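I have placed the structure first, in the form of structure tokens, so that the comments after it can refer back to it.
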Amino acid sequence: LNKNLNIPANYNFIPGFRFRERTTNTTIGMITGRILAEDTEPLFALDGLDSLSRLYQDAFFIPFYQGMVYLRLNDFDQAMSMFNQAQDQQPDNESRALCSFYNAYTLSLQSEWPKTIPYLNMAIDCDPLVKEYFNLRGVAFFKQKNYEKAAHDFQKALDLDSGSATDLANLGLCYLNIGQKKAAVETLSQALELDPNLEYAKKGLAQITL
């Protein structure tokens, strides 16, 4: 009870509210935008984000979430347009990195692998502590048969998360394509110990004859 106002006071604590968004610029509007972008019907989400933009004018998160919705609609050109617009408005490197990553991810859905590299380079320059950025760049290099660069990125991802079975398996396939069979066997075996269901790792291991 507040003695001055003579009314009850209620204090709420929301553990992880800021941590969930991985940014110090979290607002209720950002949380609402994320829910709209991820969990509601796309056309309803776009209407909701448009309404939210009138409440939060020039909000840096609005175009990013609009890009996410267009991505769900498979409107890749519009999605990239919004991610590019969002990148110019971001208040910190982590957020700029995420916009670059999603541009690369959108291109990867279209198998435009060479075009993903500049965006992933930018993402890694802005935030070099996110393993997903190295993973996707590794995949992009692998798809272009640049196995040495792919191996380097999968190793960087493993440096950030040593328990990533998929990155271990990807690294093992790089070793296989480079001709380092012993390293391939060791790495693919480690991946399967972590995740026995990785079929592509099983196939890679099965084709190696030492």
Where in region 125-168 does the label zone of PHE76 land, with the point 7 angstrom along Cα→C-beta and an amide N cut-off under 19 Å? 136-145
Counting only heavy atoms of the protein chains, get the accessible area per residue of the chain (1.4 Å probe) and round it to a whole Å² value. 58
How big is the gap, in Å, between the Cα center of region 112-132 and the Cα center of region 145-210? 21
FRET efficiency for LYS182 and SER111, using Cβ-Cβ distance with R0 set to 35 Å, rounded to 0.05: 0.65
Listed highest first by mean packing, meaning other Cβ atoms within 10 Å per residue, what order do 121-129, 94-102 come in? 94-102, 121-129
Mean residue ellipticity (222 nm) of the chain, computed from DSSP H runs ≥ 4 via -39,500 (n - 2.57), nearest 500: -22000 deg cm²/dmol
Using a 1.4 Å probe over the heavy atoms of the protein chains, calculate the carbon and sulfur portion of the accessible area of the chain as a whole percent. 51
Over the chain, one equal point on each Cα, no solvent: what is log10 I(q)/I(0) by the Debye formula at q = 0.19 Å⁻¹? -1.25
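The values are calculated or read from the model by the stated rules, or taken from the named source; none is laboratory data. Small disclaimer: the values here were computed from a predicted structure and weren't measured. Neighbour counts are summed over all protein chains in view; Cβ atoms, including those assigned to glycine, are modelled from backbone coordinates with ideal geometry. Ligands, DNA and RNA are excluded from the accessible area calculation, which covers all protein heavy atoms including side chains. Shrake-Rupley method; radii C 1.70, N 1.55, O 1.52, S 1.80 Å.
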